[in-house]
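This report refers to the structure that appears directly beneath it.
The values are calculated or read from the model by the stated rules, or taken from the named source; none is laboratory data. Just so we're clear, the structure is a prediction, and the values are computed from it rather than from any experiment. Heads up, the Cβs are rebuilt from the backbone with ideal geometry, glycines too, and the neighbour counts pull from every protein chain shown. Just so you know, the surface numbers come from the protein's heavy atoms only, side chains and all, with ligands and any DNA or RNA stripped out. Shrake-Rupley method; radii C 1.70, N 1.55, O 1.52, S 1.80 Å.
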Amino acid sequence: MTHYPENQSRSALIPVLHMAQSDFGGWLSVPVMDYVASVLNLLPIQVYEVASFYSMFNLKPVGNYMIEVCRTSSCWLCGAEDIMAHLENKLGIKVGQTTADGMFTLKAVECLGSCGTAPMMQVGADYYENLTIEKVDFIMEELKKENKYSRYC
Amino acid sequence: MSEKILLALDHIEGIASLPVYAQHGGYAVLKKGLSDIPAQQVVEEVKISGLRGRGGAGFPTGLKWSFLAKPEGVPRYLVCNADESEPGTFKDRYLMERNPHLLIEGMIISSYGLGANTAYIYIRGEYFYIARILEQAIKEAYAEGYLGKNILNSGFDLNLHVHVGAGAYICGEETALLESLEGKRGNPRIKPPFPAVQGLYNCPTVVNNVETLAAVVPILDKGGAAYAAVGIGKSTGTKLISASGHINRPGVYEIELGVPVEEFIYSDEYCGGMRNGKKLKAVVAGGSSVPILPADLILKTAEGAPRLMSYESLAEGGFQTGTMMGSGGFIVMDEDTSIVKNLYTFARFYHHESCGQCSPCREGTGWMERILHKILDGHGTIMDIDLLWDIQKNIDGKTICPLGEAAAWPVASAIRHFRSEFEEYVLNPHLIEDVKHYYRLQTI
Ligand SMILES: Cc1cc2nc3c(=O)[nH]c(=O)nc-3n(C[C@H](O)[C@H](O)[C@H](O)COP(=O)(O)O)c2cc1C
Ligand code: FES
């Protein structure tokens, strides 16, 4: 809040939403957004319209681990489709779905700036690059073992 | 071996920490004494250097700075654009991750030159770990007295903050970025007024790319003329190129502007040639927004001259046979690549990222994505190709911000140079395998 001039606390909205999402299970429910609005002295709609605009904010519940696979050009050229297919098979879900145990949500995202180390996926805050099927298997095993909530902030 | 200016130190162990950076000549300009250099001279040196914005548009930085309004008693802001979301671009990430102090030093010098006492780095939310690296580096700079009040007794104050976005390509557009920084949706503003007059919180603001601001350090250190001596013609200095796709050595390369494209692709100093010995089919030379060119036109201009990695040479031939430098996102495709499908990934991207303010872009990007999907699905007709052409033409130039053009140009250029491939899909749908695979229409 101290980063912004007086009377400009609205500027803190996106950083505060990140914190809220991270603290409340990886997604933003209406009560959480209303709470953010009250903290920043904003109208609820000012919070909803921002939360719905940005792709990193989830307005529905997600799994403990959010697996985001890049699907844009460079990653596609380097085999992102195979990675996605493998993850779908392995998890038994389709893109956009969450596993029944609530552990993983699979999401396709646009270029994350790893095009030179494609294909790639992000889990929480972590980048996993130069993916191969074997590497994905290894990462998934590790995540299952850790079984903790993937905070990104 | 071309001279390294921005990446001269990136291989040094621990360069992200202030002591190591300072040991290798970092913060030299500050230590020489900021107050000995008149602020106007900073702007002059940048003008002399011929530096052009590295965010994509290539606008001369010194000139942009000279437009900054300076009304009495109104604060000015410098904002670093670290949104880096143009597909194929990852150079800013590399620079900030390896050598954060270079950006911070560049921002201190630039803020001094512009008379800004508050500066922000707006970084895309997905680069969260880099925001942490920057915050750590900023903390070190405060502790050394390079930031804060009365920097090294120069009488100049500067506060520098990192602000993370939350996933929106449009927030790379400078006015959308400012909206976002104010805590709003990233809807671009109508210009004028330009940010130099009414930017952040309605105050005069300069927005520059990470690489642009980093380049200010060598320019002030060695002089604008020394920087201008590197490069070719009006493309002065060096440029970071993000190379990806079907090449042997993808990565970030600092090139002296003017290196032949052929050398860039095939020499071991850069991309190291095509992967698996395949033939080159096409290149998107400056990030997803710039026109795609087939192999013959990217290696040589229509006149047969070697094409160079410079603003002018890449643009030679206009939209008919040329392309643009853009952000320097260099995506290479081999002979087995489906241009139509690659285009589909772009079209879907722009549809996903359109802010929705302007109807031609909001509706047109969706139409283009759906038609391309239809063609890939084996249900396209020849008329669909013409329809695509019409739609892109109806977006181009009809929107508030250039995202419209960015969505239109890839479509126009793909049809212009590879029309026969689109026809192949339409006429022989039974030849299309695996298209129903993973590319679905719904965005999640
Ligand atoms: C849709 C769109 C996305 C953009 N994304 C970026 C970006 O990610 N990074 C960037 O530096 N400039 C981006 N730009 C360009 C900025 O609007 C602006 O020109 C640039 O930040 C100015 O800095 P420069 O003069 O140093 O290049 C984008 C422009 C548009 C229209
Ligand atoms: S295309 Fe996947 S990270 Fe850029």
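General remarks:
- Table column - 3J(HN,Hα) (Hz), segment A:119-129, Karplus curve with 6.51, -1.76, 1.60, x for Gly and Pro: x, 9, 9, 10, 10, x, 8, 8, 8, 10, 10
- Calculation over all alpha carbon pairs of segment B:139-194 in 10 angstrom steps from 0 returns a P(r) of 23, 30, 24, 23, 0 percent.
- Count Lys and Arg as plus one, Asp and Glu as minus one, and take only other residues whose Cβ is under 15 Å from that of B:Gly272; the net charge is then -2.
- Dipole magnitude of segment A:1-95 about its Cα centre (Cβ charges: Lys, Arg +1; Asp, Glu -1), debye to nearest 20: 120 debye
- Between segment B:365-407 and segment A:76-153, the alpha-carbon center distance in angstrom: 30 Å
- Candidates per trypsin sites (Lys or Arg not before Pro) in segment B:217-317, loop by DSSP, up to 12 other Cβ within 10 Å: B:Lys279
- Contact surface B-A: accessible area buried, both sides summed, square angstrom, 1.4 angstrom probe: 4400 Å²
- Measuring between alpha carbons in the structure, the pairs from B:Lys149/B:Lys191; A:Lys90/A:Lys145; B:Lys91/B:Lys149; A:Lys90/A:Lys148 lying more than 23 angstrom apart are B:Lys149/B:Lys191; B:Lys91/B:Lys149.
- For A:Asn58, the residues whose modelled amide H falls within less than 5 Å of its own, excluding neighbours fewer than 5 places apart on the same chain, are A:Leu28.
- The aspartates and glutamates within cross-link reach of B:Lys47, meaning a Cα-to-Cα straight distance under 18 Å and a gap of 8 or more places when in the same chain, are B:Glu211, B:Asp221.
- Chain B, dipole about Cα centre (Lys/Arg Cβ +1, Asp/Glu Cβ -1), debye to the nearest 20: 680 debye
- Anisotropy class of segment B:1-48 from Cα gyration tensor, a/c 1.5 cut: oblate
- Rounded accessible area per residue of the protein assembly as shown, 1.4 Å, Å²: 38 Å²
- Local electrostatic count at B:Arg98 - Lys and Arg +1, Asp and Glu -1, tallied over other residues with Cβ under 15 Å: -4
- Pairwise label distance in nanometres, A:Lys90 with A:Asn130, each label 7 Å out on the Cα-Cβ vector: 1.8 nm
- Placing unit charges on the Cβ atoms only, positive for Lys and Arg and negative for Asp and Glu, gives the protein assembly as shown a dipole magnitude near 840 debye about its Cα centre.
- Volume per residue that the Cα convex hull of segment A:65-146 spans, once the total is divided by residue count, Å³: 77 Å³
- Mean projection area, nm², convex hull over Cα of segment B:93-219: 7.7 nm²
- Carbon + sulfur, % of accessible area of the protein assembly as shown - ligands and nucleic acids excluded, 1.4 Å: 54 percent
- Rg/Rh (Cα only; Kirkwood hydrodynamic radius) as it applies to segment B:285-363: 1.03
- Measuring how big the protein assembly as shown is from its alpha-carbon positions, Rg and Dmax come out at 23.5, 74 Å.
- For the peptide B:339-351, the mean number of other protein chain Cβ atoms found within 10 angstrom of a residue's Cβ is 3.
- Database remark: amide H of B:Ile121 closer than 5 angstrom to the amide H of B:Cys80, B:His161, B:Val162, B:His163 (H placed geometrically; neighbours at sequence offset of 5 or more, or on other chains; Pro and chain starts carry no H).
- Antiparallel DSSP beta bridges within the protein assembly as shown, percent to nearest 5: 50 percent
- Residues of segment B:231-264 whose accessible area, computed with a 1.4 Å probe over protein heavy atoms, drops by at least 10 Å² once all protein chains are present relative to their chain alone are B:Ser244, B:Gly245, B:His246, B:Pro250.
- Per-residue shielding of A:113-126, expressed as the average number of other chain Cβ atoms within 10 Å of the residue Cβ, stands at 5.
- Hull volume in cubic angstrom per residue (convex hull over the Cα atoms of chain B): 138 Å³
- Cross-link table A:Lys107/A:Lys135; B:Lys184/B:Lys239; B:Lys64/B:Lys139, entries beyond 24 Å C-alpha to C-alpha: B:Lys184/B:Lys239; B:Lys64/B:Lys139
- Whether segment B:309-416 is rounded, prolate or oblate, judged on the alpha carbon gyration tensor where a/c under 1.5 counts as rounded: oblate
- Per-pair calculated FRET efficiency, R0 = 35 Å: A:Leu59 and B:Lys149 via Cβ, rounded to 0.05: 0.25
- Close amide-amide hydrogen proximity is noted between B:Ile292 and B:Ser413, B:Ala414, each under 5 Å apart and 5 or more residues distant or on a separate chain (H modeled in the peptide plane; Pro and chain starts excluded).
- Annotation for segment B:138-168 versus segment A:4-71: alpha-carbon center distance of 27 Å.
- Sequence-distant contacts, meaning Cα pairs under 8 Å at least 6 residues apart, place the relative contact order of segment B:87-179 at 31 percent.
- Dipole of chain A, positive direction: furthest Cα of A:Pro61, A:Met120, A:Ser29, with charges on the beta-carbon: A:Ser29
- Look at the stretch A:80-86: the mean tally of other chain Cβ atoms within 10 Å of its residues' Cβ atoms is 2.
- The calculated P(r) of chain A, using every Cα pair and 10 Å bins from 0, goes 11, 36, 30, 17, 6, 0 in percent.
- CD proxy at 222 nm, helix term only [per DSSP H run n ≥ 4: -39500 (n - 2.57); per residue of the protein assembly as shown; nearest 500]: -12500 deg cm²/dmol
- GluC sites (Glu not before Pro) lying in DSSP loop within segment A:3-92, provided at most 13 other Cβ fall within 10 Å: A:Glu6
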